[in-house]
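Written out below as structure tokens is the structure these notes cover.
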Amino acid sequence: MKIDGVPFRTIWPAEDGRAVEILDQTLFPHRFEILRLSGMDQAAHAIRVMQVRGAPLIGATTAYGVALAMRVDATDAGLAEACATLLETRPTAVNLHWALERMKAVLAPLPAEARAEAAWAEAAALCDEDVAINAAIGDHGLEIIRAIAAKKPAGEPVRVLTHCNAGWLATVDWGTATAPIYKAHDAGIPVEVWVDETRPRNQGAFLTAWELGRHGVKHKVIVDNAGGHLMQRGLVDMVIVGTDRTTARGDVCNKIGTYLKALAAHDNGVPFYVTLPSPTLDFSVQDGFDIPIESRSGREVTHLAGMTASGAVEEVRLTPEGSEGENPAFDVTPARLVTALITERGVCAATEEGIAGLFPDRAAA
Ligand code: MRU
């Protein structure tokens, strides 16, 4: 995506080839700062504290984390230690596991002296693939938006509701849920987006709103509880969300609150689409309830963080002293509530047959 006319990805190798650079997402939307990650520990830290987040970008950062580690210690022990450290950062997005497996498969058979170069090349290839996957998701999703637009009076916008940030900031570029929106906007189809603020980390209010605004897409930020009301009033044409892990039978694990949106959509006959890049598929799991759900600090619930005009991050307490917070970060939307999955290979039913039909190579592996 372009920022002030300059094309940006969310992660890239530094010019000196000794580090990778990211956009520090903990500072958005108040500050736009590039952060240099010079070692594997810094990459792990960036994932843990959510300087980078979103399933595909977690996968990409993991791959570069391994590449950074290989510069320091490319022995079998070094590779194992890097993988173990990165694995502990965040539990839910399966892209992290997928990226580690992919890196290990490439690196383990090589002699130690060949591993660093191979790791950097593989991480770069993984990032390029992510961009291509998301662009293809955008093309398939565009056709769905186009079909909805065709049924509306000419010039009336297609109103899309989205949750969290499954935008380009959550991927290497394009985003998953936002790719169809950007492609529709670029094709001249009027689109308006309801952006769930997505408490407690506010990825919608902080990140999705920023992205859409930069791209010139009309949008309004709504509180997380407003979606059901808007759907009852006929003000939502479709919901599009991302996913952190989708099981073999099509259960979808995504940011906490996604399930409630799916229920409201089902009750109101609003189509509920999940944009699914294939690295986010987990064929080893059938039942979404078997996916590990990240439990984050209750402080994210009891306190609200913002930034002062001077750029300092400040917290205010929302709750009475003594009231603790509980903070499950993801929930599971059962496949039966999902209208369809939008993947890089096309659109399919959220069923075992639908998914295996598009990805027979992955399903059989
Ligand atoms: O906790 P986060 O910000 O990493 O959660 C992100 C989401 O839930 C996204 O919807 C998901 O990773 C899909 S990103 C294309």
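Counting only Cα atoms, the stretch 226-365 measures 52, 39, 31 Å along its principal axes, largest extent leading.
Restricting the calculation to Cα atoms, the chain shows an Rg/Rh of 0.96 when the hydrodynamic-style radius is the Kirkwood one.
Distance between the modelled labels on S310 and D16, one decimal in nanometres: 3.1 nm (7 Å Cα→Cβ projection). Cβ crowding within 10 Å ranks H229, H266 as H229, H266, fewest other Cβ atoms first. With loop membership from DSSP and a limit of 10 other Cβ atoms within 10 Å, the longest segment of the chain without trypsin sites (Lys or Arg not before Pro) is 1-150.
Equivalent ellipsoid of the stretch 2-128: semi-axes from √(5λ) of the C-alpha gyration tensor, largest first, are 24, 16, 12 Å.
Two tests apply to each whole DSSP H helix in the chain, Cα reach of 20 Å or more along its axis and mean Kyte-Doolittle hydropathy of at least -0.5, and the ones passing both are 55-72, 112-150.
The numbers here are math on the coordinates, done by the rules we state, and not lab data. Keep in mind the model is a prediction, meaning the values are calculated, not measured. Virtual Cβ from ideal backbone geometry, glycine too; neighbours counted across all protein chains shown.
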